[in-house]
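Note sheet for the following structure.
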Amino acid sequence: MNVATPPASGPGLLRRLLLQPAALLALEAGLVFGLLIVLLSMPFLRMGLEKAKAGFDHHLMELASVIASRIDGDLHETLMSREQQSGEVHDKLQSVLVRIQNAVPSIHALYTMRYRDGGLVIILDAARSADLVRPTDPPSFLTEPLDFDLANEPDTIPTLMAGQAYVDRGAYDSGGTRRPMRSVSAPIRDAAGNVVAILGMDYEESLYAAEFERRRDHLLRVAATLDGLLVLGVMGLVYWLRRSIGRALDDLALESSTDALTRLGNRRSFDLRLQQAVNAARERQTPLSVLVLDADRFKEVNDSWGHPVGDAVLTRIADCLRAERNPPRDIFRVGGEEFAMLLPGVVALDAIGLYNRLNEAIRRPMVLPAARIEITMSGGIAELDPRTSESPEDLLLRADAALYLAKNLGRDNATIAPPAGS
């Protein structure tokens, strides 16, 4: 249209539109609505992805903090220089990192650092251990840990010294390929609670990052393709986009609350569900029991048969727990070989019967091609009195104390914790 031509009047424009072929009119309408839909959906898509990434970061900081709590800060202080990074203490601390990294395949590096002369010095490194299970064809970026660039991350040291975990969200060039990684640090404390060292964890983000990018690009391509459809088709696309974004966030939420090996709830989801169960028990004035279970001498299984067999044993234990409690929303793997069950409406004496059935099923020999495994479980039970103000944390501490007592009494048994305040 010539720019000098005056704009068409309302009736003239309407008449011109009505005279257009139906296909062309549908294409124009679809293009207009399609562009509007893309523009309107982008902020929601961006917000959803940022929320999912923030949740992923929080999950990694929790994971790093849990791992850091497994490192004895006082022993770590004895490793003051590289010349002292050998011997029994070094091997003991490094073996903790190796076991954890072997158990969590997405962790690509685990190491400890000390802040010295304005920089971070690596003290322990799981990659130096011959016991670390490495991929058959490791990518080049696995050859060494990814240290923080303190010049670009000025908040790193103050945050860690304040006792909080820290996430470096940078992507790292390695082997000519820019790979998205999360480098996470958490403080290591001594017995007095002082921060004496730093745990470093490099976590492969590519699966999550690729999922973010794939979903975003897919949604944009679909929106552009459907620009030519009728208004009804465009409105249907809005519904599809929202459902797709919701599914992506649900999938990520599930990943952050589920144990990857057993598909049971993890420690994070256990803590949330425990609070809900305690609140419900008080509201309804019904009992609630917590049963914690720990596989006896599980380390001997890993040491004798290797971690793949250990993983198979843990999976078998999870299956036995699921078979006894259906649905399995109140069954969790809260540690390496430690499990927990929430039992709403169940008193401690009945929980003992549940423990006996579970232990009987689990102790049946497990025959594998390379091994015959017999394992038992020790248990600790604590019952909540809904009339008291006992916190979920204290309830769990009582159950853990009962578990430790069962271990000290010879394992392969369960004990009931005394009532709160007794």
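The values are calculated or read from the model by the stated rules, or taken from the named source; none is laboratory data. Keep in mind the model is a prediction, meaning the values are calculated, not measured. Note: ideal-geometry Cβ built from the backbone for every residue, glycine included; neighbour counts use all protein chains shown.
Residues that are closer than 20 Å to residue 262 by Cα and β-branched (Val, Ile, Thr): which strands (runs of 3 or more DSSP E) entirely in the range 305-390 hold 1 or more of them? Step through it out loud before you land on a result.
Working: elements: 331-333, 338-344, 366-368, 371-373, 377-384.
Filter on the range 305-390 gives 331-333, 366-368, 371-373.
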Inset, instruction - Enumerate the pairs (first residue in the range 286-302 and free of Cβ contacts under 8 Å to residues at least 24 places away in the same chain; second residue anywhere and in a helix (DSSP H, G or I) and surrounded by fewer than 21 Cβ atoms within 10 Å (Cβ to Cβ)) with beta-carbon separation below 6 Å, excluding pairs fewer than 6 apart on the same chain, so at least 6 apart or on different chains. - result: none
Legend entry - Of residues in the range 97-136 being within 25 Å of the chain's Cα centre (by Cα) and of a type in the set (D, E, K, R), the one modelled with the lowest pLDDT: 134
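Mind checking which residues of the range 298-319 are of a type outside the set (Ser, Thr, Tyr), touching a Leu at 6+ places or on another chain (Cβ under 7 Å) and surrounded by fewer than 21 Cβ atoms within 10 Å (Cβ to Cβ)?
We begin by selecting, within the range 298-319, every residue of a type outside the set (Ser, Thr, Tyr); these are 298-303, 305-314, 316-319.
Narrowing the set further to residues that are touching a Leu at 6+ places or on another chain (Cβ under 7 Å) leaves 309, 311-312, 314, 318.
Within the range 298-319, 309, 311, 312, 318 qualify.
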Legend entry - Out of 333, 329, sole residue that is surrounded by fewer than 13 Cβ atoms within 10 Å (Cβ to Cβ), touching a residue at least 12 places away in the same chain (Cβ under 8 Å) and within 22 Å of the chain's Cα centre (by Cα): 329
Inset, instruction - Scan the range 45-75 residue by residue and report those that are farther than 27 Å from residue 271 by Cβ and either at pLDDT 85 or above or assigned by TED's automatic domain parsing to the domain that holds residue 310 (or both). - result: 74, 75
